[in-house]
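Scroll down for the structure; my scribbles are underneath it.
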Amino acid sequence: MKLVKYQDEDAKIITSWIKDEISLYKWSADRIQKFPIEAKDLNECYKPLIESANFIPLSFIDNDSIIGHLIIRYPENNNKEIVRFGFVIIASQLRGQGIGKQMLNLAIKYAKNNLNAKKITLGVFSNNLSAKYCYESVGFKETGIIDKYPIKLGEWDCIEMELEL
């Protein structure tokens, strides 16, 4: 498996993994409110963020196929030591096989070695336990902060997690 820069054409594959509206919100929170999501929706969402230079979308490739995706962003404008992971997703057919753990380890290594990050943060909804367990398996810890997050489907609890590098 290798980590590569996201390309617009990756969006068609990535969005095909979003099978229902609940999955869309677990993945994107309220950032993309259109279901079914299409490639152009993801690219339209990403375009201004990429131009800001504080947003790094990445795809994960294995045997020349995209098998995962996530973004890294700087949550604080003047602090390049903290990065935040988001939009973490694995190909539907590969979930539960340890691919997520491998992907996260590559992204952690990238954040540390290429971005010189000292800490990585992320948020995970409490109704997404498989993702939470995956994050814990690579060293993320709950910060104790649980935010109420209003989305179209109701109010969900979002657990904040972090990993010191």
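Quick rundown of the values:
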quantity	calculated
Whichever residue in the range 56-100 is in contact with a Gly (Cβ under 6 Å, 6 or more places away or on another chain) and of a type in the set (A, V, I, L, M) and, among such residues, is least open to solvent (accessible area, probe 1.4 Å)	Ile71
Residue match in the range 16-28 (condition: more than 25 Å from Asn127 (Cα to Cα) and over 12 Å from the mean Cα position of the chain (by Cα))	no
Members of the range 128-154 found to be touching a strand residue (DSSP E or B) at 6+ places or on another chain (Cβ under 6 Å) and within 30 Å of Lys34 (Cβ to Cβ), listed by number	Ala131, Lys132, Tyr135, Phe140, Ile145, Ile146, Asp147, Lys148, Tyr149
Unique residue being more than 27 Å from Ile22 (Cβ to Cβ), β-branched (Val, Ile, Thr) and either at pLDDT 95 or above or in contact with a Ser or Thr (Cβ under 8 Å, 6 or more places away or on another chain) (or both) when the list is Ile120, Ile108	Ile108
Residue in the range 32-55 that is open to solvent by less than 50 Å² (accessible area, probe 1.4 Å) and closer than 13 Å to Ala107 by Cβ present	no
Within the range 21-36, tally of residues that are among the basic types (Lys, Arg) and touching a residue at least 60 places away in the same chain (Cβ under 8 Å)	1
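The values are calculated or read from the model by the stated rules, or taken from the named source; none is laboratory data. Note that the structure is predicted; figures quoted are calculated from it, not measured. Cβ coordinates were reconstructed from backbone atoms using ideal geometry, including for glycine residues, and neighbour counts include every protein chain displayed. All accessible areas refer to the heavy atoms of the entire protein, side chains included, with ligands and DNA or RNA removed. Shrake-Rupley method; radii C 1.70, N 1.55, O 1.52, S 1.80 Å.
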